[in-house]
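Structure record follows, encoded as structure tokens.
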Amino acid sequence: MQGNESTRLVCSILAMDQSCFSYKVCRFCETPVSDDKPAEFICNNRKCAGRRRSSKRLFRLLFSIGTETRVMNVVAFDRAAQVIFGCSAQEFFDFSIQHPCAVKIASKVLVGELLKVTLNTPKRGKAEHLRMTNIVPMSSDFEPVIETLRKVDWS
């Protein structure tokens with residue numbers, strides 16, 4: 001794929017990177033902020049003009065997917081990822097704090113899931129992975145990750 005091309009395909013999730021599934025942003029302008037910033041901070045983005053803002057989390061999920069002909073690594077950002085997780089990144093982050101194995105279980109739950117996706121080339125030249133910008137689960141009995149995790153006996 002070159003330039004601003006997009007491709008639609010059917011694929012299966014082979015793996016999900018468990019090391020980092022979300023990132024912190026300014027709640028107002030969505031500028032990324034470091035994880036060590038406090039819940040409220042001074043945002044220096046020109047949209048915020050140095051005002052005190054709170055943060056939230058957005059999804060950034062790295063997947064290995066397979067099609068009939070190839071295997072590739074792709075990234076799903078917040079809007080697309082919410083389709084398969086069934087919640088916001090902040091909600092999943094909070095859930096994973098209470099249940100430390102949640103990310104590992106989520107990864108296992110998603111392996112083998114059949115999806116129809118739209119892949120786009122990155123808008124920034126330095127980005128290395130195609131973007132999954134539209135995700136449609138193919139299984140009629142698909143259940144979002146958060147719903148599956150809520151059924152787990154955590155005791």
Discussion item. Give me a comma-separated list of calculated 3J(HN,Hα) values for region 57-65, in order, Karplus coefficients 6.51, -1.76, 1.60 applied at θ = phi - 60°, integers in Hz, x for any Gly or Pro.
Written reply: 10, 10, 6, 8, 10, 9, 10, 9, 10
Practice prompt. Within region 46-114, report the trypsin sites (Lys or Arg not before Pro) that DSSP leaves as loop and that have at most 10 other Cβ atoms within 10 Å.
Written response: Arg46, Arg70
Worksheet, complete the sentence: A 1.4 Å probe over the protein heavy atoms gives the chain a carbon and sulfur accessible-area percentage of 48
Worksheet, complete the sentence: Spelling it out for Ser22: with amide H atoms placed in the peptide plane at 1.01 Å from N, the residues 5 or more places away or on another chain with amide H under 5 Å from its amide H are Arg60
Response to the item:
Computed ³J(HN,Hα) along region 37-51: with the Karplus parameters 6.51/-1.76/1.60, θ = phi - 60°, integer Hz and x for glycine or proline, the list is 5, x, 4, 10, 8, 8, 8, 9, 5, 4, 5, 8, 6, x, 7
Fill in: Interchain or long-range residues, amide H under 5 Å from Asn45's placed H
Gly50
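Rounded to the nearest whole Å², what accessible area per residue is found for the chain with the 1.4 Å probe?
60
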Fill in: Computed helical MRE - 222 nm, the chain, DSSP H runs ≥ 4 contributing -39500 (n - 2.57), nearest 500
-6000 deg cm²/dmol
Practice prompt. Please state the charge dipole magnitude for region 6-84, taken about the Cα centre, from unit charges on C-beta atoms (+1 on K and R, -1 on D and E), reported in debye and rounded to the nearest 20.
Written response: 520
Worksheet, complete the sentence: With a ≥ b ≥ c from the Cα gyration tensor eigenvalues, square-rooted, and the rule rounded for a/c under 1.5, otherwise prolate when a/b > b/c and oblate otherwise, region 9-95 is prolate
Worksheet, complete the sentence: Using alpha carbon centers only, region 6-22 is separated from region 99-155 by a whole-angstrom value of 7
Worksheet entry | Given charges at beta-carbon only (K, R positive; D, E negative), |dipole| of the chain in Debye | 820
Response to the item:
Longest the chain segment clear of GluC sites (Glu not before Pro) sitting in DSSP loops (not H, G, I, E or B) with at most 11 other Cβ atoms within 10 Å runs 6-67
Worksheet item: Where Rh is the Kirkwood radius over the Cα pairs of region 1-54, the temperature 37 °C and the viscosity 0.692 mPa s, what D in µm²/s does Stokes-Einstein return?
Response: 229
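The values are calculated or read from the model by the stated rules, or taken from the named source; none is laboratory data. What you see is a predicted model; the values in this text were computed from it and never measured. In this analysis, Cβ positions are derived from the backbone assuming ideal geometry, glycine residues included, and neighbour counts consider all displayed protein chains. What goes into the accessible areas is simple: the full protein's heavy atoms, side chains included, and nothing from ligands, DNA or RNA. Shrake-Rupley method; radii C 1.70, N 1.55, O 1.52, S 1.80 Å.
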